[in-house]
Amino acid sequence: MRIEGKQLCRAATVDGAVDEKSRRVRLSFSSEEPYERSWGVEILDHSPGAVRLDRFKRGAALLLDHDPSKHIGVIEQVEVSGDRKGRAVVRFGRAPRAEEAFRDVIDGIRNLVSVGYRIHKAVLDSTDNGMETYRVTDWEPYEISLVSVPADPTVGIGRAHSFNRLEVRMDESTEQEQQLSRSQRRAQRTAAEVERERAIEIAAIGARFKDRVQGMDRMVEAALNGGTTIDAFRELVMDKLEESRALPLAETRSSFAGVDGGGFLSQNERQHYSLTRAIESLIDPRMPAGFELEVSDAAAKRLGRSLAPGRICIPHEVLGGSLGPGAQRDLTVGTPTAGGHVVGTNLLAGGFIDLLRNASSVMDAGATVLPDLVGNVAIPRKTAGVTGAWVAEGNAPSEGDITFDQVTMTPKTCAAFVDFSRKMRLQATPGAEQIVRTDLATAIALAIDLAALNGSGTPPVPRGVMNVSGIGSVAGGTDGAAPTWDHLVNLDAAIANANAPAEGRRFITNSKVAGKLRRTQMFSSTNGETVWQAANEQIAPVIVSNQVPSNLTKGSSNGICSAIVYGAWAELLIGMWGALELMVDPYTFGTSGGVRVIALQDVDIAVRHAASFAAMADALTT
């Protein structure tokens, strides 16, 4: 458990150990006394290495009531003693406020001390009657204050080194609290869970945008202490991003994330969303799916769309699943390879983009995904820059111009469908829901992958890398040629000479070429290292995907040539607009009770710099 960006406080009663002449006071500021917070019981660990004392050892401040403007002294010495307490020697200043506080300590009026600290790591120690106890194994004290409200009654000024536990009497109200009914205790635990989730999500938002929003730590601390809701904090951070113009092109309010990178739904809402229930509501409008339909309406409104009857919008953050065995196109329980293998199997949920990445070679190679776009996109691109030149003394350099153009992207609709039987809907214990999510994501991923590699560019198909004008080209021969080490070296040289980014370069080819490279020696007649091994070790990793065409023609080699595509794949942009749109066809399999779910996703593909890619389109493998 991590609690980031929040300063907590622990206080204690205090007593003597005051040196009036030197104005020094010895105190204990922390112990392992359990303390109940909204998210559970907290124990500050005092074992070696658990307490970060560097700030204290450099002379941290002694304050009044944790107020930085009320600086009354300095911390001179600090240690974690053998009885597992934090101890310090503080020296009071001579300013009027410091003098007043010091006199109150001497007179026993101010007898409470508190430490302000930040938790870096906590681990679950135990659970008792639903109450979780966390041991804080990494924490950092920031300052010590004189305060008026105690939290830890076992530490304070002048405490003895022995562990002096105070005796606490149980008064009438405490006895009544011990008699709480089970339902009341359950309600208390639920409230604690809600508060814990709020704290975790706000801290995660703060961590994500810390580098882009000035003063994020203070914003997080104020939100946590002030009871700010997650939605309100998201809006606050988004306003700050927009004010500072720190919001990237593809990061709109619709993509503003909670803990796991989702959108406008909270973590709890995502967990309760049912894709199966949404689909069933399309089959039968009488099915209860009010929440799913509300989400659909909100998603459509966010995208500025009006949905046709029989369609729903599915936000990407609720689409998860995993590529488990047996997740095929036509899913039936009776056929093991078509759904039967998944009955009784646990499948873990994952993000929709992750699912696409698992099934797509270009995404695996590192293509840049721009999610949740709205409207047409134009990305500025520099086409020429100013160059330096040598000039004679007294002469002026010639004027240079920087020129720009734009990489444009417009939404193009990618469609896929999956069929699943009535029994699959009713019997699959991991839920047909997970399988449908995974299969739809896989189908869309493969369509995107194919278009990204070899899309024709003829509407409505996006233009793929192989058909982009200006990419490098390596030819095998008039009628093609078997791929050799020289061909791969030349592909690398083609983009290197164009100053393409060095990081993230990958080869992508099909299994026929991969097999050929594994059988071909790096240098012929040497019985040495294969081209496959040399390429992976000396140039760049080779990704194998049968999406790469193997039916190309070169000269007399008709329909038997394969391609090898090489590039810095972060230069390939895959834009995704809005939510996934679903519609249900209950008629194709109406007699058996099965349904066909059709998915529609708006996508476009663009290359930032054509020179970052090169291809060999006439590789022979036979």
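The values are calculated or read from the model by the stated rules, or taken from the named source; none is laboratory data. On a predicted model such as this, the values are computed, not experimentally measured, just so you know. Quick reminder, even Gly has a Cβ in these numbers, built from the backbone with ideal geometry, and neighbours come from all protein chains shown. In case anyone asks, the SASA skips ligands and DNA or RNA and just uses the protein heavy atoms, side chains included. Shrake-Rupley method; radii C 1.70, N 1.55, O 1.52, S 1.80 Å.
Looking at segment 552-566, is at least one residue in a strand (DSSP E or B), among the hydrophobic types (A, V, I, L, M, F, W, C) and in contact with a Pro (Cβ under 7 Å, 6 or more places away or on another chain)? Yes, the conditions are met somewhere in segment 552-566. Is it true that Ser511 is closer than 21 Å to Ser361 by Cβ, in contact (Cβ under 8 Å) with a residue 24 or more places away in the chain, touching a helix residue (DSSP H, G or I) at 6+ places or on another chain (Cβ under 8 Å) and surrounded by fewer than 16 Cβ atoms within 10 Å (Cβ to Cβ)? Against the criterion (closer than 21 Å to Ser361 by Cβ, in contact (Cβ under 8 Å) with a residue 24 or more places away in the chain, touching a helix residue (DSSP H, G or I) at 6+ places or on another chain (Cβ under 8 Å) and surrounded by fewer than 16 Cβ atoms within 10 Å (Cβ to Cβ)), Ser511 does not qualify. Of the conditions (1) modelled with pLDDT under 80; (2) in a helix (DSSP H, G or I); (3) under 22 Å from the mean Cα position of the chain (by Cα), Met219 fails just one. Which one is it? Answer for Met219: the failing condition is (1). For segment 452-496, filtered to residues that are in contact with a strand residue (DSSP E or B) (Cβ under 8 Å, 6 or more places away or on another chain) and free of Cβ contacts under 8 Å to residues at least 12 places away in the same chain, the residue that is farthest from Met409 (Cα to Cα) is Ser456. Taken across segment 587-602, residues that are over 30 Å from Lys423 (Cα atoms), touching a strand residue (DSSP E or B) at 6+ places or on another chain (Cβ under 6 Å) and surrounded by fewer than 21 Cβ atoms within 10 Å (Cβ to Cβ) do occur, with at least one present. A search for C-beta distances below 6 Å between a residue of segment 56-67 that is open to solvent by 40 Å² or more (accessible area, probe 1.4 Å) and any residue that is outside any strand (DSSP E or B) and hydrophobic (A, V, I, L, M, F, W, C), counting only pairs 6+ apart in sequence or on different chains, returns Asp65/Val147.
Within segment 1-35, the set of residues being within 21 Å of Pro68 (Cβ to Cβ), hydroxyl-bearing (Ser, Thr, Tyr) and at pLDDT below 85 is empty.
Counting the residues of segment 507-551 that are more than 27 Å from Gly455 (Cβ to Cβ) and not in a helix (DSSP H, G or I) gives 11. Only one of the listed residues (Leu446, Leu453) is part of a helix (DSSP H, G or I), open to solvent by 10 Å² or more (accessible area, probe 1.4 Å) and farther than 27 Å from Gly528 by Cβ. That residue is Leu446.
Within segment 465-477, the residues that satisfy the criterion of being part of a loop (DSSP other than H, G, I, E, B) and closer than 14 Å to Ser612 by Cβ are Val468, Ser469, Gly470, Ile471.
Residues are listed down the side, and each one gets a yes or a no for (1) closer than 15 Å to Thr622 by Cβ; (2) in contact with a Cys (Cβ under 7 Å, 6 or more places away or on another chain); (3) modelled with pLDDT under 95:
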residue: Gly480; (1), (2), (3): yes, yes, no
residue: Pro483; (1), (2), (3): yes, no, no
residue: Leu491; (1), (2), (3): no, no, no
residue: Lys512; (1), (2), (3): yes, no, no
residue: Gln521; (1), (2), (3): no, no, yes
residue: Ser524; (1), (2), (3): no, no, yes
residue: Asn527; (1), (2), (3): no, no, yes
residue: Thr553; (1), (2), (3): yes, yes, no
residue: Ile564; (1), (2), (3): no, no, no
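Take the conditions (1) open to solvent by 10 Å² or more (accessible area, probe 1.4 Å); (2) over 40 Å from the mean Cα position of the chain (by Cα); Asn129 misses just one of them, which is (2). For Gly578, the test of being closer than 22 Å to Asp372 by Cβ, in a strand (DSSP E or B) and open to solvent by less than 30 Å² (accessible area, probe 1.4 Å) is passed.
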